[in-house]
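The values are calculated or read from the model by the stated rules, or taken from the named source; none is laboratory data. Just so we're clear, the structure is a prediction, and the values are computed from it rather than from any experiment. Because the Cβ atoms are built from the backbone with ideal geometry, glycine has one as well, and the counts that use them run over all protein chains shown. Heads up: the accessible areas ignore ligands, DNA and RNA and are worked out on the full protein's heavy atoms, side chains in. Shrake-Rupley method; radii C 1.70, N 1.55, O 1.52, S 1.80 Å.
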Amino acid sequence: MIPTYARALIVGAGSGLSASLARLLAADGLKIGLAARNVEKLAALAAETGAAVHACDASRPAEVEALFARLEPALGGAPDVVIYNASGRLRGSIVDLDPEAVARSLMVSAYGGFLVAQAAARRMLPHRHGAILLTGASASVKGFAGSAPFAMGKFGLRGLGQSLARELQPQGIHVAHIVIDGAIRNPDRGAPADAPDSHLDPDAIARCYRDLLRQDRSAWTSELELRPWVERF
């Protein structure tokens, strides 16, 4: 059985992958909700897609709950597709990193994913229907020097996705973690002239997310790894 969806929420929305997802899902007829800490940057995308836009710090439980409460009347119901794109990027030597900044990075990358997934699951479970997609990175599977906080957060988000897939998929909710193993092309700059295949196209990534949503539940993907054509394994 291939599920159908009506309303999508993208948390951590911006001008790259989130914008591609919003346009594609809106073109498929879904009502769109966009959430970010800075919503001013989303005005043009909201106008293009008819999206409902709400400010939200995903690391704060009260703000996440308020986000879902506001979205339901705006979208005509709770979102049945929830995509978590927020990340807390922080670089630095292990001896120089500020512990409070590290905690903040983890709160956004991992804890925020938990809060959003929890709020989504509470609304999806009564209907035994929905999809929760978590956006990972190369750091989800390999930690790089000088990037310990990002790796910790993304490893945590991946663990969340694995646990939720095992818990929620038998109850009708598709959970998938997507490893974006490479740099995403900046839509304002295009592909590098000397290496056109070195970056992932955000529109192509968005189509992969849509493919996940179109899967028959007898063969749901729980983790998908995407990399540009010339990326080394």
Selected residue [touching a His at 6+ places or on another chain (Cβ under 7 Å), at negative phi and either of a type in the set (A, V, I, L, M) or not in a helix (DSSP H, G or I) (or both)] from Ala131, Ala110, Ala139: Ala131
Kindly evaluate Ala47 against the criterion of being closer than 14 Å to Gly112 by Cα and among the hydrophobic types (A, V, I, L, M, F, W, C). no
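Please count how many residues of the stretch 212-233 are in a helix (DSSP H, G or I), open to solvent by 70 Å² or more (accessible area, probe 1.4 Å) and either modelled with pLDDT under 90 or in contact with a strand residue (DSSP E or B) (Cβ under 9 Å, 6 or more places away or on another chain) (or both). Before the answer, list the steps.
Pass one, the stretch 212-233, residues in a helix (DSSP H, G or I): 212-213, 217-219.
Imposing the further condition that a residue be open to solvent by 70 Å² or more (accessible area, probe 1.4 Å) reduces the set to 217-218.
Among the residues that remain, those that are also either modelled with pLDDT under 90 or in contact with a strand residue (DSSP E or B) (Cβ under 9 Å, 6 or more places away or on another chain) (or both) are: 217.
Total satisfying the criteria: 1.
Conditions tested, residue by residue: (1) at pLDDT below 95; (2) part of a loop (DSSP other than H, G, I, E, B); (3) closer than 20 Å to Asp203 by Cα.
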residue	(1), (2), (3)
Ala8	no, no, yes
Gly14	yes, yes, yes
Ser20	no, no, yes
Ala35	no, no, yes
Ala44	yes, no, yes
Phe68	no, no, no
Pro79	no, yes, no
Ser87	yes, yes, yes
Leu90	yes, yes, no
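The rows are residues; the columns are (1) open to solvent by 40 Å² or more (accessible area, probe 1.4 Å); (2) in contact with a Pro (Cβ under 8 Å, 6 or more places away or on another chain).
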{"position": "Gly88", "(1), (2)": "no, yes"}
{"position": "Ile94", "(1), (2)": "yes, no"}
{"position": "Leu106", "(1), (2)": "yes, yes"}
{"position": "Leu115", "(1), (2)": "no, yes"}
{"position": "Met124", "(1), (2)": "no, no"}
{"position": "Phe155", "(1), (2)": "yes, no"}
{"position": "Arg166", "(1), (2)": "yes, no"}
